[in-house]
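Single-structure report; data block below.
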Amino acid sequence: MTAPLAHENSLLTTARDDAPAAPETTLPDGWLAVESLDIDAQGIARRPDGKVVFIEGALPFEVVSTNVHRKKNNWEAGVVTAIHHESSQRVRPGCPHFGLHAGACGGCKMQHLHETAQVAVKQRVLEDNLWHLGKVRAEMMLRPIEGPAWGYRYRARLSVRFVHKKGEVLIGFHERKSRYVADMQACHVLPPHVSDMLIPLRGLIFGMDARETCPQIELACGDDVTALVLRHLEPLSDDDLTRLRAFAAQHGVQWWLQSKGPDTVKLLDQGGSLLSYALPDFGITMPFKPTDFTQVNPHINRVLVSRALRLLEAQKHERVIDWFCGLGNFTLPIATQAGEVLGIEGSETLVARSRENLAGNQTGRAVPLAPTAFVARNLFEMTPSQLVGDGQADKWLVDPPREGAFALAKTLADLHLQPELRGGWTPPKRIVYVSCNPATLARDAGLLVHQAGYRCVAAGVVNMFPHTAHVESMAVFELDAERVADAA
């Protein structure tokens, strides 16, 4: 499939800069002036007495009326019912299933906001979290990384429900603030060929004997292969297997079956192409299984890896550790530049996959990858002696899950504050931290800056999930040599 290119955007336009300010007159009773947007894409307004009101569907600098459905002592929450002064950043949503109406899909939260303004909101969220939670300000804000706003979601978990009252099968994301599955005819954040497949998939499941015992289909797209993992609670009949094979032949997909946990996932029929994605800047190809963790947005991932390595500036004489390395998404590209690489990951399965990928990418290279090793370890538990035991590294790449890298940052801080624990070990000169949660990044940044002897020299957002409130980001930390010398 041909993918549009992601890029590092050179523009950062905020709604605050572009939108005309709301009229500075006394508002009629019940009208509210929206000041900003929160991380859940709700407008934030204040009543004359200062009480905060969170308003679904409202945008900054709009004047709105709202239906309040929840009240607390210090705040209220509601839904916009009328817009009296509209933001210049408001746009028509690209999907008919987005909105505040009954049955609306809950997969996206920002389709009514211009794409550039969405990025500005996320940049502000990152800056606010760094300052309010970590008391850290980056010395430089990086340009946002952006890519296609539609058709980008190559990974998704789609719920499947046979609805007796409707006499049909629904497949898609859940309704807004509901456990029910949205009645989706299409999904424009999925690749077009997958979106076009939603109605045929509904027909397929409806016609199966197991239509009431298949609760989920997980999507995993590679560069050339589309895999669908069917979760089934009961064994599938021979007729159902025949139906799946016919669907695969017609739509060019690869079926995997999951009877219980993730370790039970297996191909319906052996053979065929493997799932994989390429990192062409480094001559790397990454095979993966549909249940392995890979980035949702491959267009952004290619740019993300390239920027991370530019910021890391690994040299041929340097040793680099890639923490939370997964299947080697950053590790193998680093091995094209560094002198030695160690990848550390909590999942034994992913470590095994990373070793396979290392071997596969060594074959036929004009310039071999640097000596690279992978280790499986619980990265949420760490001691100074363990960290010292991993050996000295010139630079680190850190890419944790939403929980962040607290144990790693705390141990680094302990070694800075207690030099007697270090022996001859020295901390990395530079850390590039890739985050999928600005709150845990801010927490860890606070430790690195205030207790571990680092400066936050740069930070910026990565718009991995357009139209959602999810904030992916990156920060760069440099060791402050003077503070380290003082601590020693």
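The values are calculated or read from the model by the stated rules, or taken from the named source; none is laboratory data. Please read these numbers as outputs of a predicted model, since none were measured by experiment. All Cβ positions, glycine included, derive from the backbone under ideal geometry; neighbour counts span all protein chains shown. In case anyone asks, the SASA skips ligands and DNA or RNA and just uses the protein heavy atoms, side chains included. Shrake-Rupley method; radii C 1.70, N 1.55, O 1.52, S 1.80 Å.
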For the list (1) outside any loop (DSSP other than H, G, I, E, B); (2) in contact with a strand residue (DSSP E or B) (Cβ under 9 Å, 6 or more places away or on another chain), I need the number of the one condition that Cys214 fails. (1)
What about Gly78, is it more than 30 Å from Tyr152 (Cβ to Cβ) and either at pLDDT below 95 or surrounded by 14 or more Cβ atoms within 10 Å (Cβ to Cβ) (or both)? yes
Can you tell me which residue is modelled with the highest pLDDT among those in the stretch 11-32 that are open to solvent by less than 40 Å² (accessible area, probe 1.4 Å) and outside any loop (DSSP other than H, G, I, E, B)? Leu32
Quick one: would you say Gly460 is assigned to a strand (DSSP E or B), of a type outside the set (A, V, I, L, M, F, W, C), open to solvent by less than 10 Å² (accessible area, probe 1.4 Å) and touching a residue at least 40 places away in the same chain (Cβ under 8 Å)? yes
Would the stretch 251-259 turn up any residue that is open to solvent by less than 50 Å² (accessible area, probe 1.4 Å), β-branched (Val, Ile, Thr) and farther than 25 Å from Arg377 by Cα? yes
Which of the residues that make up the stretch 143-157 are crowded, with 21+ Cβ neighbours inside 10 Å and not acidic (Asp, Glu)? Pro144, Ile145, Gly147, Tyr152, Arg153, Tyr154
Examine the stretch 305-321 for a residue that is open to solvent by less than 10 Å² (accessible area, probe 1.4 Å), of a type outside the set (Val, Ile, Thr) and over 18 Å from Glu478 (Cβ atoms), and state whether such a residue exists. no
What about Ala41, is it touching a Lys or Arg at 6+ places or on another chain (Cβ under 9 Å), open to solvent by 20 Å² or more (accessible area, probe 1.4 Å) and under 21 Å from His112 (Cα atoms)? no
Kindly evaluate Gly271 against the criterion of being open to solvent by 30 Å² or more (accessible area, probe 1.4 Å), among the small types (Gly, Ala, Ser), more than 24 Å from the chain's Cα centre (by Cα) and at pLDDT 95 or above. no
Does Asp263 qualify as being of a type in the set (Asp, Glu) and at pLDDT 95 or above? no
Can you tell me which residue within the stretch 114-142, out of those that are more than 25 Å from Ser306 (Cβ to Cβ) and small (Gly, Ala, Ser), is surrounded by the most Cβ atoms within 10 Å (Cβ to Cβ)? Ala117
Could you go through the stretch 409-419 and let me know if any residue there is open to solvent by 20 Å² or more (accessible area, probe 1.4 Å), free of Cβ contacts under 8 Å to residues at least 60 places away in the same chain, over 30 Å from Gly147 (Cα atoms) and under 25 Å from the mean Cα position of the chain (by Cα). yes
Members of the stretch 331-389 found to be small (Gly, Ala, Ser), closer than 22 Å to Lys316 by Cα and either crowded, with 19+ Cβ neighbours inside 10 Å or out of contact with any Lys or Arg (no Cβ under 7 Å at 6 or more places or on another chain) (or both), listed by number: Ala335, Ala338, Gly343, Ser354, Ala359, Gly360, Gly364, Ala366, Ala370, Ala373
